[in-house]
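*Asks:* Quick one: this structure, given as structure tokens, is what I'll be asking you about.
The values are calculated or read from the model by the stated rules, or taken from the named source; none is laboratory data. This structure is a prediction, so every number in the text was calculated from the model and none was measured. Reconstructed Cβ throughout: ideal geometry from the backbone, glycine too, with neighbour counts over all protein chains shown. Note: accessible area is taken over every heavy atom of the protein model, side chains too, but ligands, DNA and RNA are not part of it. Shrake-Rupley method; radii C 1.70, N 1.55, O 1.52, S 1.80 Å.
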Amino acid sequence: MAEDFNASKPIYLQLADRINRQILRKELENGQKLPSVREMAIQSGVNPNTVQRTYSELERMGSVESKRGQGTFVTEDQSVLSQLRQRLKKEQISSFFEDMKEMGFTSDEMISGLKEYISDEERGETND
Amino acid sequence: MKSGVKRMIEFNHVTKKYRSQAALNDFSLSLPAGKIIGLVGENGSGKSTALKLISGIISPTKGSVTVDGEVATRRISSKVSYLSELDAYYTFYTVGETVSYYASLYSDFNQRKAEEILDYMKLDRRKKVKDLSKGNRGRLKIAVTLAREVPVILMDEPLSGLDPIVRDAIVKGLLSFIDFEKQTLIITTHEIKEIEPILDTVVLIKDGVLLKMEDVEELRMEQNVSIVEWMKQVYQDGGIDK
Amino acid sequence: MNPWWGQLAKEYRLGRGGAIGALIALFLYLGIGVYASWRMGNPETFLAFCAFALMMHVLYMAGYMCVSLIREQRTLHLWLQTPLPAYKLLLAKLLNGWGALAFSLFIISAITLLSGTMVVNLFELDPELTWRDVISTGILIDIHILLIALYIGIGLTFLWAIYLVVSKSLGKVSGNVIGICLFFFLPWLMSKWEGTGLFHALFIWGKVDLNFSDVAYVAFRHVYIGYYFYHFLLALLLLFIASWLIERKVEV
């Protein structure tokens, strides 16, 4: 069921990242209850203490809220969600930018390359 | 490790000699309650000896081992459920009879949980133990070990000799059937990759000496290494701590 | 079910095959007896076969415990892991063996009795013999077989415990050598000790005459309660040492 985690990076962060993405993709609806720590541990094949830590981390980020005695829920606060959206976008772009820079591309090359790629994608062409 | 966590198992300068050979040498270790702890190291490093000492079926040549404050003798089995690495069973029993036998031995044996595990492991209760495949014998052993509601569960190489699908099922089974609020699991294995995501703490042993003990997530966070990579590093450095 | 009953049931299963095997062997042997006595045209032969089988039951517990302990040794860690104290582990074996012995002994006693009174009519041979003589002699013999067999079983368990400890610390060969030496040395030592004046002062008391029958064996004319008491103490001591060794010194 669950894809493997990268064994050399903290699993609680990888799991938090996965859940955040699920929230943005609407696989987890706003206000939806997350699985219990134990269920999540079994589903994703990780230690329950790790899941606990993931939930705390998500709560700190604001993407989930825990209600006493009821469990953990995806936040309904739209501003938090749009912040999350912005943050993930920035993270993705920054990793793209760093990789490209490392390979010696200039900023202009990156922008034009990206534009070209997007317009090809939208025309439904397959590049090789 | 956080302070205030209850210590469940203590090795106090333990030496264990077999004839003249030391399997453990002046070994001190303190393990917290409520964690999944991996005991790793090469063959013959003393992992199995350490587990046997906790289970009370062997006793130290020097030093002491305590479980929940009580010195580990044979009687510690009321607090410790131990899965041996040996492929040995009472072959005259069926699967169901084996479970009933263990249920009679231990007052903390949860029959309902045992039934659940048998179902999960897809074991046929009427089958004779001697007719089971090696994989199924391994599962039966795990079922009777996990069905006990004890503070400490020890598993010596529970995954060895099993195929990957069974190994995966067993690791998932550990997550489903262990009560993490009340139980501490100590596991020795060569299949580190498989259990890596479920470990809290890893203890590395070499030649009967404790090399290092680390929180697994800290390792990944601070050193960006997996357990296997970390093991190689520490083994190369000879494990001199700082 | 509590651990003690669970362990008894387990020992029953462990020993059942051997006990059934012994019964089959007994019947095969008796079959040979019937055949031999028919070929020779001599009914007394069968009675002799029966009497021999009856007496051989003295060794029943030795055989039973050998099989049981050797089988246990293959999965010793399972046995040592149980939460029961060692003396209960041993008792579970001894009691099961004793039960099997009692069953087998009952059968052979009945057959011996029948062959002694119906095939060969002892009452005709000796007009003074009464049923009471035959039954009480038989019971006396059976009780002694039960006691001696148990005693031997306990002695064997004691040697096994020593063997396990020695072979773990000094190696298998030494274990065997020391076991065999003890097997011969201890009885010799015992007989020396039982010949001393101190022993007589301590344990030869409580004389009981067995005057129920002239036919009763000469050896059983009278017995000393003190002597039985001595062997009872010795059996307890052996069992205690064996349990202690298994509890504290036997490792896997």
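*Asks:* Could you name every one of the helices (runs of 4 or more DSSP H) located completely within region B:107-219 that has at least 1 residues being within 30 Å of C:W4 (Cβ to Cβ) and not β-branched (V, I, T)?
*Replies:* Per the criteria, B:111-120, B:134-146, B:164-177.
*Asks:* Can you pull out every residue in region C:229-250 that is open to solvent by less than 30 Å² (accessible area, probe 1.4 Å) and not in a helix (DSSP H, G or I)?
*Replies:* Selection gives C:V250 alone.
*Asks:* Of everything in region B:209-222 that's hydrophobic (A, V, I, L, M, F, W, C) and within 20 Å of B:F11 (Cβ to Cβ), which residue is nearest to the other protein chains (Cβ to nearest Cβ)?
*Replies:* Within region B:209-222, the first condition is being hydrophobic (A, V, I, L, M, F, W, C), and the residues that meet it are B:209-211, B:213, B:216, B:219, B:221.
Filter once more, so that each one left must be within 20 Å of B:F11 (Cβ to Cβ): B:209-211, B:213.
Numbers: B:V209: 21, B:L210: 22, B:L211: 19, B:M213: 16 Å.
Out of the qualifying residues, it is B:M213.
Condition check ((1) facing chain A (nearest Cβ under 9 Å); (2) closer than 30 Å to B:P60 by Cβ; (3) surrounded by 16 or more Cβ atoms within 10 Å (Cβ to Cβ); (4) of a type outside the set (S, T, Y)) across all residues:
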position: B:D156; (1), (2), (3), (4): no, yes, yes, yes
position: B:I165; (1), (2), (3), (4): no, no, no, yes
position: B:L174; (1), (2), (3), (4): no, yes, yes, yes
position: B:T184; (1), (2), (3), (4): no, yes, yes, no
position: B:I198; (1), (2), (3), (4): yes, yes, yes, yes
position: B:D207; (1), (2), (3), (4): no, yes, no, yes
position: B:N224; (1), (2), (3), (4): yes, no, no, yes
position: B:M231; (1), (2), (3), (4): no, yes, yes, yes
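*Asks:* Further question on the same structure: Among the residues of region B:80-91, which ones are open to solvent by 20 Å² or more (accessible area, probe 1.4 Å) and hydrophobic (A, V, I, L, M, F, W, C)?
*Replies:* B:L86
*Asks:* A follow-up question, please. May I ask you to list the residues in region B:15-59 that are buried (at least 20 other Cβ atoms within 10 Å of the Cβ) and either of a type in the set (F, W, Y) or part of a loop (DSSP other than H, G, I, E, B) (or both)?
*Replies:* Answer for region B:15-59, where residues must be buried (at least 20 other Cβ atoms within 10 Å of the Cβ) and either of a type in the set (F, W, Y) or part of a loop (DSSP other than H, G, I, E, B) (or both): B:F27, B:K35, B:G41, B:S45, B:G46, B:G56, B:I57, B:I58.
*Asks:* Looking at A:S95, A:S79, which one is open to solvent by less than 60 Å² (accessible area, probe 1.4 Å), free of Cβ contacts under 8 Å to residues at least 24 places away in the same chain and assigned to a helix (DSSP H, G or I)?
*Replies:* Details: A:S79 fails: open to solvent by less than 60 Å² (accessible area, probe 1.4 Å).
Answer to the selection: A:S95.
*Asks:* From the set of residues in region A:8-39 that are at the interface with chain B (Cβ under 10 Å from one of its Cβ atoms) and open to solvent by less than 30 Å² (accessible area, probe 1.4 Å), which is nearest to the chain's Cα centre (by Cα)?
*Replies:* Quick first cut of region A:8-39, residues at the interface with chain B (Cβ under 10 Å from one of its Cβ atoms) only: A:8-15, A:37-39.
Cutting the leftovers down to open to solvent by less than 30 Å² (accessible area, probe 1.4 Å) gives us A:8, A:10-12, A:15.
Working: A:S8: 18, A:P10: 15, A:I11: 13, A:Y12: 12, A:L15: 9 Å.
Looking at the filtered set, the residue picked out is A:L15.
*Asks:* Right, something else. From the list C:L125, C:L80, C:L59, pick out the single residue that is open to solvent by 10 Å² or more (accessible area, probe 1.4 Å) and more than 24 Å from the chain's Cα centre (by Cα).
*Replies:* Details: C:L80 fails: open to solvent by 10 Å² or more (accessible area, probe 1.4 Å); C:L59 fails: more than 24 Å from the chain's Cα centre (by Cα).
Residue meeting the stated conditions: C:L125.
*Asks:* Counting only residues that are in a loop (DSSP other than H, G, I, E, B) and either touching a His at 6+ places or on another chain (Cβ under 9 Å) or facing chain C (nearest Cβ under 9 Å) (or both), how many does region B:67-80 have? Even if it seems obvious, please write down each step before you answer.
*Replies:* Just the residues of region B:67-80 that are in a loop (DSSP other than H, G, I, E, B), to begin with: B:68-69, B:72-73, B:79.
Still in the running and either touching a His at 6+ places or on another chain (Cβ under 9 Å) or facing chain C (nearest Cβ under 9 Å) (or both): B:73.
Total meeting the criteria: 1.
*Asks:* For region B:81-104, what are the residues that are more than 9 Å from chain C (Cβ to nearest Cβ) and in a strand (DSSP E or B)?
*Replies:* Result: B:S81, B:L83, B:T94.
*Asks:* Please count how many residues of region C:19-36 are touching a residue at least 60 places away in the same chain (Cβ under 8 Å) and either surrounded by 17 or more Cβ atoms within 10 Å (Cβ to Cβ) or within 14 Å of another protein chain (Cβ to nearest Cβ) (or both). Walk me through how you get there before you give the answer.
*Replies:* From region C:19-36, those touching a residue at least 60 places away in the same chain (Cβ under 8 Å) are C:19, C:22-23, C:26, C:30; that's our starting set.
Filter once more, so that each one left must be either surrounded by 17 or more Cβ atoms within 10 Å (Cβ to Cβ) or within 14 Å of another protein chain (Cβ to nearest Cβ) (or both): C:19, C:22, C:26, C:30.
So the count comes out to 4.
*Asks:* Would a scan of region A:84-91 turn up a residue that is touching a helix residue (DSSP H, G or I) at 6+ places or on another chain (Cβ under 9 Å) and more than 30 Å from B:E218 (Cβ to Cβ)?
*Replies:* Yes, region A:84-91 contains at least one residue that is touching a helix residue (DSSP H, G or I) at 6+ places or on another chain (Cβ under 9 Å) and more than 30 Å from B:E218 (Cβ to Cβ).
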